[in-house]
Amino acid sequence: MESSFILDVTLLLPHIKHKILFEKFDNLKVGESFILKNDHHIKSFYHLLKSHRGDRFEWKSLQDGPVV
């Protein structure tokens, strides 16, 4: 069964955003996903995940800012 949640990193202190992103990603089960809500250019998180986790994920932009 697929489940998803919103990971709103706008609510996190800057120095823990990456740590939380990796924790949430690493704890996903097959078929699960999350929506990443960010307050700056989201591609930095894409490149971070890509460099540390390779091709283990799919990425699709749902919305481009600056307005949420």
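The values are calculated or read from the model by the stated rules, or taken from the named source; none is laboratory data. Predicted model only: the values in this text are computed from it and were never measured. Here the Cβ positions follow ideal geometry from the backbone for every residue, glycine too, while neighbour counts run over all protein chains shown. The protein model used for the area step is the full one, side chains on, heavy atoms only, and it has no ligands, DNA or RNA in it. Shrake-Rupley method; radii C 1.70, N 1.55, O 1.52, S 1.80 Å.
Taking H placed 1.01 Å from N in the peptide plane, check which residues at least 5 places from Leu7 or on another chain put their amide H under 5 Å from its amide H.
When sequence neighbours closer than 5 places are left aside, the close amide H contacts are Ile35, Leu36, Lys37.
Calculate the spin-label point distance for Ile6 paired with Val30, positioning each point 7 Å from the Cα along the beta-carbon direction, and give it in nanometres.
Computed distance between label sites Val30 and Ile6 equals 3.0 nm.
Taking every Cα atom in the chain, find the radius of gyration and the maximum pairwise distance Dmax, and write them in Å.
11.8, 33
Could you tell me which of Phe25, Ile35, Pro14 has its Cα farthest along the dipole of region 1-54 towards the positive end, charges placed at Cβ (Lys, Arg +1; Asp, Glu -1), taken about the Cα centre?
Selected residue: Pro14.
Excluding residues fewer than 8 places away in the same chain, name every one of the aspartates and glutamates whose C-alpha is closer than 13 Å to that of Lys24.
Asp8, Glu32
Can you send over the carbon and sulfur percentage of the accessible area for region 1-67, probe radius 1.4 Å, protein chains only? Don't jump to the answer; show the numbers that get you there.
Values: 2950 of 5330 Å².
Exposed carbon and sulfur together represent 55 percent of the surface.
Per residue, what accessible area does the chain have, given a 1.4 Å probe and all protein chains present, in Å²?
80
Just to confirm the number: angle between the C-alpha axis of helix 17-26 and the first principal axis of the chain, 0 to 90 degrees, nearest 10?
20
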